[in-house]
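What follows draws every value from the coordinates through simple rules; no lab data is involved. Just so it is clear, the model here is predicted, and its values are computed rather than measured. All Cβ positions, even for glycine, are placed from backbone atoms using ideal geometry, and neighbour counts span all protein chains on display.
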């Protein structure tokens, strides 16, 4: 039994090493100090009913997004502050916690890690507590399916890296599909009136990604 567990552990470490060898991730942290941690804990209490000492999560879902802005700097600066911008009236009542994501992928495919992968980000209603969010720069005016071939390749590498590192991940969804998760064990939102309509990251992009990672058997 011990030998079997040892072999499984070695296999998992080997898989992560292979995944990390094939991907380059640049750390570019957003501001995540005590205020943001406290706001995250308040969000978890209000929306999920959990009183937590830590904002660490066990990832079960990967959620792909677009930023609806063509500028990397503008997209990053949206996510960087700890508190929500005043123009986000659509979600401001839910929390003053700023939106965030674990990764931001530039138009040229460069992958930036914005925060610890196992901390909760605010990027998708109902599913934050179990998900890792990947933002892609693009989606002009929140309508154009304009994500690049380089971004597609980087998302595929990132999904493989995350799946190898976190075997608990079983699902892959586009942001526009999040409401299909209502009623699943991962859905935790307590406010039945807190919903938004989403288009990102585009249906074609999700089809292309899924086709290339279908061997991972990630469901939606």
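Mean-square fluctuations from a GNM of the chain, with a 10 angstrom spring cutoff on Cα atoms, peak among 92, 106, 164 at 92. Beta bridges assigned by DSSP with both partners in the chain are antiparallel in approximately 30 percent of cases. Just checking the listed ones, 75, 51, 192: in the Gaussian network model of the chain with Cα springs under 10 Å, the one fluctuating most is 192.
With runs of 4+ DSSP H residues as the only contributors, calculate the mean residue ellipticity of the chain at 222 nm using -39,500 (n - 2.57) per run, divided by the residue total and rounded to the nearest 500. Spell out each step's value before the answer.
Working: 6 runs with 74 residues, N = 220.
Calculated at 222 nm, the ellipticity per residue is -10500 deg cm²/dmol.
Residues 113, 83, 149, ranked from the fewest to the most other C-beta atoms within 10 Å, line up as 149, 83, 113. The spread of Cα positions in the stretch 175-220, taken along each principal axis and listed from longest to shortest, comes to 36, 23, 9 Å.
Cβ crowding within 10 Å ranks 52, 137, 105, 99 as 52, 99, 137, 105, fewest other Cβ atoms first.
Using equal-weight Cα scatterers in the Debye expression, the normalised intensity of the stretch 89-171 in log10 at q = 0.24 Å⁻¹ is -1.27.
Report the semi-axes of the equivalent ellipsoid for the chain in whole Å, largest first, where each axis is √(5λ) for an eigenvalue λ of the Cα gyration tensor.
So the equivalent ellipsoid measures 26, 22, 17 Å along its semi-axes.
Extent of the stretch 38-93 along its three principal axes (Cα atoms, max minus min coordinate, largest first): 37, 27, 18 Å. Cβ crowding within 10 Å, taken as a proxy for footprinting-reagent exposure, orders 190, 127 from fewest neighbours to most as 190, 127. Taking N as the residue count of the stretch 63-128, its C-alpha radius of gyration divided by 2.2 N^0.38 Å amounts to 1.10.
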